[in-house]
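Asks: This is the structure, below, for whatever I ask next.
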Amino acid sequence: VADIDATRARLIAAGLDVTEVRKGRKPGTRIMTVRNGTCGIQTVLLERSPKPVE
């Protein structure tokens, strides 16, 4: 997702159960898990930082 914080706020407002945003395994990533409303499948959303321009 482009903006994980805004996405999390929107999902909470819609009544979904989501985790806190946390660092992903790869550098420059942040993730969160949607726990309900996804047909019984926990769904991970990922935000990647833009690559620096060289």
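The values are calculated or read from the model by the stated rules, or taken from the named source; none is laboratory data. What you see is a predicted model, and the numbers here were worked out from it, not measured in a lab. Note that we place each Cβ from the backbone using ideal geometry, even for glycine, and neighbour counts take in every protein chain shown.
Asks: Scan the stretch 20-35 for residues that are under 17 Å from ALA9 (Cα atoms) and of a type in the set (Lys, Arg) and report the count.
Replies: Summing the residues that are under 17 Å from ALA9 (Cα atoms) and of a type in the set (Lys, Arg) in the stretch 20-35 gives 3.
Asks: Follow-up. Considering (1) free of Cβ contacts under 8 Å to residues at least 24 places away in the same chain; (2) hydrophobic (A, V, I, L, M, F, W, C); (3) part of a strand (DSSP E or B), say which one ILE31 fails and leave the rest.
Replies: Answer for ILE31: the failing condition is (1).
Asks: Still on this structure, I have one more. Sort through LEU11, LEU16, LEU45 and tell me the only one that's touching a Ser or Thr at 6+ places or on another chain (Cβ under 7 Å) and either in a loop (DSSP other than H, G, I, E, B) or at pLDDT 95 or above (or both).
Replies: Testing whether each residue is touching a Ser or Thr at 6+ places or on another chain (Cβ under 7 Å) and either in a loop (DSSP other than H, G, I, E, B) or at pLDDT 95 or above (or both) leaves just LEU45.
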